[in-house]
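Below you'll find the structure, written out as structure tokens, and then a few comments.
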Amino acid sequence: MTFFYRTIAREFLNYRRKPGLFLNPLIFFGLVVFLFVVGLGPDEAKLNQAASIFILVASLLSVLMSAESAFDQDYEEGSLELVVVSSNSLLIYSLAKSLAHWVVTFLPLILLVPFIGIGLFLDVEQIWVLCLGILLVSPTIILLASVGAAMTISLPRNGVLIGLLVLPFYVPPLIFVTGLFEAALLKQNVFPYVYWLIGLLFLALGLAPSATSACLRIAAED
Amino acid sequence: MIFENLEDFFWMEGLGPFVLGAYFITFVVLGINLFFPMIREKRLRFELRNENYELRSDARFEE
Amino acid sequence: MFEAVSFSLNIGDILQVCGPNGSGKTTLMRTLVGLYKNYTGCFDWDLPSPPLYLGHRPGINENLTPRENIKWVFELNNQHIKAADIDDAIRQVGLAESAHICCSDLSFGQKKRVALAPFCLGKNSLWIMDEPFSGIDGVGITLIEELFRKRSLWGGSIIFSSHQAIPSGLAVKKLELQ
Amino acid sequence: MLGWFHRLGSPKTFFGMSQSWPKTFGLLSLVLLALGTVWGLLFAPPDYQQGHSVRIMYVHVPAAAVAQSCYLIMAISSAVFLIWNIKLADWAAKSMAPIGASLAFLVLITGAIWGKPTWGTWWVWDARLTSTLVLLLLYLGIIALRNALEEKGNDGRPCAVLALVGLVNLPIIKYSVDWWFTLHQPASFTLTEKPKMPPEMWIPLLLMAAGYYLFVFSVWTSRIRNEIISRERKTAWAKAWAGSQ
């Protein structure tokens, strides 16, 4: 367990020294949302209908952007080899890295969402649901992105490839989140969607780290 | 036989182009599937034969 | 790649793996630490702790300082190390002035020295070092030799790879790879 | 059993054993496909609702089933490769990916052609079509990853992991997509769910399905054989193979 905390601490130190690693995706997120708004026009009803979805999609894209290099540095420097040699669990290592990644990418996003929501004429309840949706879906997204990053670790310029690999896996969480938003908008029961999202999260938690660590081991042993 | 003549068959009450098009595309896709491995097999045989030939001629050269 | 390699090592032995480029020195090193699985054969040793490994890529994070990097190497082995000891090691490898700056500002040779610093402190009974002498200046080479000498006196074993001859009079076993 | 398994895993044994498979099964499958086509086009009755466009079913539905089976086979091969480290299984998974992708593509195209006269548009975001699209994307991702890895000289283990993770994902996608579309539109009438299908409709369907399966098997073994030859080109038996004929 201590290895888990130490890895997280090291990641945070790394992010603090290189803020671009998590600020760039945030800026990218802002740009995508801004362009969407410009494209849709200032019509309040139109914006209101589409806002939740494009905020969510923009956050997915921005996270995918930062995830592509999640393990690149460790691989190129040889830190990954040291972890493999040192008989520490790669599973814990990848989980710790995912958690740190989540904290620096999605946490600021969730804090940013209320302000963007006010700017897009969402009412308080919609903003709540939007935050809840992102909160529930983001760990799944991060875990899946880390699998993609670990698979393509030894490949240069892997951004588009990760997108292609991860996209099919993003479909179910995305569907349930949009379902959640719609149910909230129509004042229906949102709990089935919440349960589904939690279920998907647990499934991802059970499978993704082992897939990630398997791929990391393969990369280190190549 | 459902159709009375060839024209009926190609027309299929207006649906002929769709139905026959679907069958056509199916066989094109299957044909491509069949074709590629065959081409590759030919090329591999050719390459390997050439390698063999070069090896043998090298050996002769050394003698 | 190489075939039919066998060697045995006693406590305090230093083994140099030598051979021309492409003879499989790095592969042998990686096999020994478990980074290369595609081999047949076996090696059995009785080690109280995992070997300390210096790879082709030294494992130095650019965004961390030498101090933090060295600490991380020991944390990986669940060894707690005092801050004073780390500073001492940094002084030994001659980086006392650079202990606070990020490794991205260090030269290649200096990074190599950072990677060597854990070897000044490690209690691990076996060192496995892949090309420790590459990219390092004359002072660094004598430094490593000094490390080796102390190490073997203390009863630790070292396996290292290098294609160059070691100038000083260390008692070194040699393993030639074709 | 295990010994037999290992012998099958040896490229040389498999290569010797499968000598006649591509041709035999290929011919057999072409006969079945031809029979099914003739029956489906000429003898099967038109549907009372859809008319003659129901004939597209005979190429569309079996292709959909086979495209999914291909994925299952690929995933099983990948698992065998990861667990027992049998290289042949990796090559088998590699050989299956393009076949599965082309079949998924075929399903989409024939589905679109069926949709035009039936729904009035080439494409609807129908559950079945959408999950097939995702299946196609999964295949394309695996193929792209494989190409990128082989360019770097790495083996296909990450691909195998991806195939296995995808296998878990497929039913989830299927379920979630189904659920989403039933929420968004009333259930459209489907090709397969017929209350009673007369034998003159399901017999050609069966013929086509068997034909597809045999066809895939034939192409698959042929691709595996090519893979074996190109990897083992330095061996004596590979050279002997090139010299024969």
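The values are calculated or read from the model by the stated rules, or taken from the named source; none is laboratory data. Remember, it's a predicted structure, so these values are computed and weren't measured experimentally. Glycine also receives a Cβ, built like all others from the backbone with ideal geometry; neighbour counts cover every protein chain displayed. Calculation scope for accessible area: heavy atoms of the full protein, side chains included, ligands and nucleic acids excluded. Shrake-Rupley method; radii C 1.70, N 1.55, O 1.52, S 1.80 Å.
Candidates A:Leu95, A:Leu80, A:Leu107: the one that is of a type outside the set (Val, Ile, Thr) and over 18 Å from the mean Cα position of the chain (by Cα) is A:Leu80.
Only one of D:Trp180, D:Trp202 is closer than 26 Å to A:Pro172 by Cβ, at pLDDT below 85 and either within 12 Å of another protein chain (Cβ to nearest Cβ) or in a helix (DSSP H, G or I) (or both); which? Explain how you work it out, then say what you get.
Numbers: D:Trp202 fails: closer than 26 Å to A:Pro172 by Cβ.
Step by step, each of D:Trp180, D:Trp202 is checked, and only D:Trp180 is closer than 26 Å to A:Pro172 by Cβ, at pLDDT below 85 and either within 12 Å of another protein chain (Cβ to nearest Cβ) or in a helix (DSSP H, G or I) (or both).
When A:Leu165 is tested against (1) touching a Ser or Thr at 6+ places or on another chain (Cβ under 8 Å); (2) surrounded by fewer than 19 Cβ atoms within 10 Å (Cβ to Cβ), just one condition goes unmet, and that condition is (2). Considering each residue of segment D:69-86 in turn, none proves to be closer than 17 Å to D:Thr118 by Cβ, touching a residue at least 24 places away in the same chain (Cβ under 8 Å) and either touching a helix residue (DSSP H, G or I) at 6+ places or on another chain (Cβ under 6 Å) or part of a helix (DSSP H, G or I) (or both).
In segment C:138-155, the residues that are on the phi > 0 side of the Ramachandran plot form Cβ pairs under 8 Å with partners that are outside any helix (DSSP H, G or I), at six or more places apart or across chains, as follows: C:Gly155/C:Ile11; C:Gly155/C:Gly12; C:Gly155/C:Ser125. Here A:Ala70 fulfils each of the conditions (1) touching a helix residue (DSSP H, G or I) at 6+ places or on another chain (Cβ under 6 Å); (2) in a helix (DSSP H, G or I) apart from (2). Only one entry in A:Ala150, A:Ala100 is over 24 Å from D:Val168 (Cβ atoms) and touching a Phe, Trp or Tyr at 6+ places or on another chain (Cβ under 8 Å), namely A:Ala100. D:Ser53 satisfies every condition listed in (1) within 10 Å of another protein chain (Cβ to nearest Cβ); (2) open to solvent by less than 20 Å² (accessible area, probe 1.4 Å); (3) without any contact (Cβ under 8 Å) to a residue 40 or more places away in the chain except (3).
Could you check segment C:117-127 and list, in sequence order, the residues that are open to solvent by less than 10 Å² (accessible area, probe 1.4 Å) and either of a type in the set (Ser, Thr, Tyr) or assigned to a helix (DSSP H, G or I) (or both)? Result: C:Ala117, C:Pro118, C:Phe119.
Note on segment C:77-93: among residues that are closer than 23 Å to C:Phe108 by Cα and not small (Gly, Ala, Ser), the one that is surrounded by the most Cβ atoms within 10 Å (Cβ to Cβ) is C:Val93.
Residue-level check: of (1) away from chain D (no Cβ under 14 Å); (2) touching a Pro at 6+ places or on another chain (Cβ under 6 Å), A:Val137 misses just (1).
Note on segment C:67-76: residues that are within 18 Å of C:Asn124 (Cα to Cα) and open to solvent by 20 Å² or more (accessible area, probe 1.4 Å) total 3. Restricting C:Leu52, C:Leu15, C:Leu64 to residues that are open to solvent by less than 20 Å² (accessible area, probe 1.4 Å) and either at pLDDT below 80 or out of contact with any helix residue (DSSP H, G or I) (no Cβ under 8 Å at 6 or more places or on another chain) (or both) narrows the list to C:Leu15. The residues of segment C:135-157 that are closer than 19 Å to C:Val93 by Cα and in contact with a Ser or Thr (Cβ under 7 Å, 6 or more places away or on another chain) amount to a single one, C:Glu145. Per the listing A:Leu167, A:Leu143, the residue uniquely without any contact (Cβ under 8 Å) to a residue 60 or more places away in the chain and within 12 Å of chain D (Cβ to nearest Cβ) is A:Leu167. Show me the helices (runs of 4 or more DSSP H) entirely contained within segment A:75-152 in which 3 or more residues are within 24 Å of A:Pro42 (Cα to Cα) and open to solvent by less than 20 Å² (accessible area, probe 1.4 Å). The qualifying helices (runs of 4 or more DSSP H) are A:90-119.
Go through segment C:1-116 and tell me which helices (runs of 4 or more DSSP H), entirely inside it, have 2 or more residues that are in contact with a Pro (Cβ under 8 Å, 6 or more places away or on another chain) and within 11 Å of chain A (Cβ to nearest Cβ). Full working, then the answer.
Working: elements: C:25-33, C:66-76, C:83-92.
Hits in segment C:1-116: C:25-33, C:66-76.
For segment D:17-46, the set of residues classified as open to solvent by less than 40 Å² (accessible area, probe 1.4 Å) and of a type outside the set (A, V, I, L, M) consists of D:Ser18, D:Pro22, D:Gly26, D:Ser29, D:Gly36, D:Thr37, D:Gly40, D:Pro45, listed by residue number. Of the residues making up segment A:20-44, just one is surrounded by fewer than 15 Cβ atoms within 10 Å (Cβ to Cβ), under 19 Å from A:Ser69 (Cβ atoms) and touching a residue at least 40 places away in the same chain (Cβ under 8 Å), namely A:Asn24.
Here A:Ser87 meets each of (1) free of Cβ contacts under 8 Å to residues at least 12 places away in the same chain; (2) closer than 24 Å to A:Ile53 by Cα with one exception, condition (2). Residue-level check: of (1) at pLDDT 85 or above; (2) among the charged types (D, E, K, R); (3) touching a helix residue (DSSP H, G or I) at 6+ places or on another chain (Cβ under 6 Å), D:Glu151 misses just (3). Of all the residues in segment B:1-25, those that are touching a His at 6+ places or on another chain (Cβ under 8 Å), within 16 Å of D:Asp47 (Cα to Cα) and modelled with pLDDT of 75 or more number 3.
Only a single item in (1) over 14 Å from the mean Cα position of the chain (by Cα); (2) within 18 Å of D:Tyr175 (Cα to Cα); (3) β-branched (Val, Ile, Thr) is not met by A:Thr152, and it is number (2).
Residue check: is C:Glu145 more than 24 Å from A:Leu80 (Cβ to Cβ) and either among the hydroxyl-bearing types (Ser, Thr, Tyr) or buried (at least 16 other Cβ atoms within 10 Å of the Cβ) (or both)? Even if it seems obvious, please write down each step before you answer.
Working: more than 24 Å from A:Leu80 (Cβ to Cβ): yes; either among the hydroxyl-bearing types (Ser, Thr, Tyr) or buried (at least 16 other Cβ atoms within 10 Å of the Cβ) (or both): yes.
In short, yes.
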